[in-house]
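Below: the structure, in structure tokens.
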Amino acid sequence: QVQLVESGGGLVQAGGSLRLSCAASGSIFSINHMGWYRQAPGKQRELVARITNSGNTNYTDSVKGRFTLSRDNAKNTVYLQMNSLKPDDTAVYYCNAGLKTTHWNMWSDYWGQGTQVTVSS
């Protein structure tokens, strides 16, 4: 059993900051990547930022220069520092991890329950 536990969402004014955390726990053999997706009302879920096991990161264009994703491999935890927040960043943010539970398994995607981020204008 694998769990992704998210924290750090909330309500903030435009221009403010929030920090999201996601900790993966359970029967984890290896993690390939971790990151965050978001889904706004009426829109498709989109990738926000992702970091690989080797430390390579990629961001969606709209958050480049404002969001920073970091990872603590020892804790199987990722942190998304979100600065200069805009009302368009309002969405439910979902943690995602691509991992194996045993050496023989294929890589599989796991998801957190989601955390609401609301940015007021």
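The values are calculated or read from the model by the stated rules, or taken from the named source; none is laboratory data. Model, not experiment: these values are computed from the prediction. Cβ coordinates were reconstructed from backbone atoms using ideal geometry, including for glycine residues, and neighbour counts include every protein chain displayed. The accessibility values were calculated without ligands, DNA or RNA, using every heavy atom of the protein model including side chains. Shrake-Rupley method; radii C 1.70, N 1.55, O 1.52, S 1.80 Å.
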Comparing Tyr110, Tyr79, Tyr93, which has the greatest mean-square fluctuation in the GNM of the chain with Cα pairs linked when under 10 Å apart?
-> Tyr110
Which of Asn105, Asn32, Asn96 moves the most in a Gaussian network model of the chain with Cα springs under 10 Å?
-> Asn105
Across region 3-13, in residue order, what do the Karplus-derived ³J(HN,Hα) couplings come to in whole Hz, using 6.51 cos²θ - 1.76 cosθ + 1.60 with θ = phi - 60° and x for Gly and Pro?
-> 10, 10, 10, 9, 7, x, x, x, 10, 8, 7
Can you send over the solvent-accessible area of Ser7, 1.4 Å probe, protein chains only, in Å² to the nearest 10?
-> 60 Å²
Calculated from backbone phi, Karplus (6.51, -1.76, 1.60) coupling profile of region 77-84 in Hz, x at Gly/Pro | 10, 10, 10, 10, 8, 10, 10, 6
In units of 2.2 N^0.38 Å, what is the alpha-carbon radius of gyration of region 47-96?
-> 1.15
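For the chain, which whole-number percentage of the solvent-accessible area (1.4 Å probe, protein heavy atoms only) is attributable to carbon and sulfur atoms? Provide the component values of the computation, followed by the final result.
Working: 3030 of 6570 Å².
That share works out to 46 percent.
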D for the chain, whole µm²/s, Stokes-Einstein with Kirkwood Rh over alpha-carbon pairs at 4 °C and 1.567 mPa s: what number?
-> 89 µm²/s
Compare Lys75, Lys100, Lys43 in a GNM of the chain, Cα atoms joined below 10 Å, and give the one with the largest fluctuation.
-> Lys43
Computed accessible area, Leu18, all protein chains, 1.4 angstrom probe, square angstrom | 30 Å²
Pseudo-spin-label distance Arg19 to Thr60, built 7 Å along Cα→Cβ, given in nm, is 2.3 nm
Mind checking the per residue accessible area of the chain for me, 1.4 Å probe, whole number of Å²?
-> 54 Å²
Can you give the convex hull volume per residue for the Cα atoms of region 1-68, as a whole number of Å³?
-> 120 Å³
Assuming R0 = 22 Å, can you tell me the calculated FRET efficiency for the pair Gln116 and Glu46, based on Cβ-Cβ distance, to the nearest 0.05?
-> 0.85
Per residue of region 15-30, in order, report the coupling 6.51 cos²θ - 1.76 cosθ + 1.60 (Karplus, θ = phi - 60°) as ³J(HN,Hα) in whole Hz, putting x for Gly and Pro.
-> x, x, 10, 9, 10, 9, 10, 9, 10, 9, 9, x, 7, 10, 8, 7
